[in-house]
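The values are calculated or read from the model by the stated rules, or taken from the named source; none is laboratory data. This structure is a prediction, so every number in the text was calculated from the model and none was measured. Cβ placement follows ideal geometry from the backbone for every residue including glycine, while neighbour counts extend to all protein chains displayed. Note: areas computed on protein heavy atoms with side chains; ligands, DNA, RNA excluded. Shrake-Rupley method; radii C 1.70, N 1.55, O 1.52, S 1.80 Å.
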Amino acid sequence: MWRKTMADAMTQRTIDPIALRRAFGTFVTGVTVITTRDGDGNPRGMTANSFTSVSLDPPLLLVCVGKSAASFPAFNEAQSFAVNFLHEGQVDVSSVFASKTADKFQSVNHDRAHTGAPVLTDSLTWFDCTVHNRVEAGDHIILIGQVQAFGTSPSAPLGFCRGRYASVKDPLPAGWLASQDMIIGYLVEAGTRCSLSKTL
């Protein structure tokens with residue numbers, strides 16, 4: 001009797017993936033573009049909203065990359081990547097990086113900071129990371145990155161919820177950057193020369 005009840009319960013626990021996706025989608029997230037370079041040095045990128053900060057010491061974050069994504073092989077083999085948060089005026093950037101457009105980087109300003117991964121210079125915030133670890137997780141891999149450099153701005157973030165973009169009101173109190181004494185530093189390499197830039 002007990003075994004039959006348990007079997008019935010297990011049958012009833014079959015998860016509807018479409019309903020589950022909708023339930024996950026009620027969590028309000030930011031929108032990111034994750035970027036790297038493939039084995040030939042070409043920039044690769046895709047839109048993602050599965051971002052989480054992990055640790056301050058050492059500075060770690062994570063993103064999830066679907067194994068069905070066209071850029072998956074590049075992220076799966078790369079030793080570095082960047083996470084670029086989009087601001088409210090970058091819906092078009094989100095759409096481009098979510099598409100199958102051949103040259104996604106043609107219409108966005110990007111540069112190298114520390115690792116060589118493409119950094120979207122007009123983004124809300126960017127993190128340039130080396131790969132700390134990779135974790136297999138079903139139909140995704142979890143990329144854990146160690147932050148090597150970052151930059152941020154007071155722009156309003158681009159939000160996403162229930163399959164649509166969402167606005168965030170009053171995202172940043174006046175004077176927040178100054179009150180946090182945030183130091184933003186990055187290293188720019190060009191051939192055999194490098195330049196250290198620091199903004200207070």
Open item on the list: Which of the three applies to region 118-172, rounded, prolate or oblate, going by the alpha-carbon gyration tensor with a ≥ b ≥ c and a/c under 1.5 meaning rounded?
Closed with: oblate
Task: Per DSSP, loop chymotrypsin sites (Phe, Trp or Tyr not before Pro) in region 10-59 with at most 10 further Cβ within 10 Å - done: F27
- [ ] Report, to the nearest whole %, how much of the accessible area of region 1-151 belongs to carbon and sulfur atoms, 1.4 Å probe, protein only.
- [x] 54 percent
- [ ] Could you bin all the Cα-Cα distances of region 1-156 into 5 Å bins starting at 0 and give me the percent of pairs in each, rounded to whole numbers?
- [x] 2, 9, 17, 20, 19, 12, 7, 4, 3, 3, 2, 1, 0, 0
Open item on the list: Based on alpha-carbon centroids, what's the gap between region 55-74 and region 103-176 in Å, whole number please?
Closed with: 11 Å
Open item on the list: Tell me whether region 76-160 comes out rounded, prolate or oblate; compute the Cα gyration tensor, take square roots of the eigenvalues as a ≥ b ≥ c, and use a/c under 1.5 as the rounded threshold.
Closed with: prolate
Open item on the list: Using amide H atoms built in the peptide plane, which far-off residues or other-chain residues are under 5 Å from A166 H to H?
Closed with: G159, F160, C161
- [ ] Rounded, prolate or oblate: pick one for region 35-105, where a ≥ b ≥ c are the square roots of the eigenvalues of its C-alpha gyration tensor, a/c under 1.5 means rounded, and failing that, prolate if a/b is larger than b/c, else oblate.
- [x] oblate
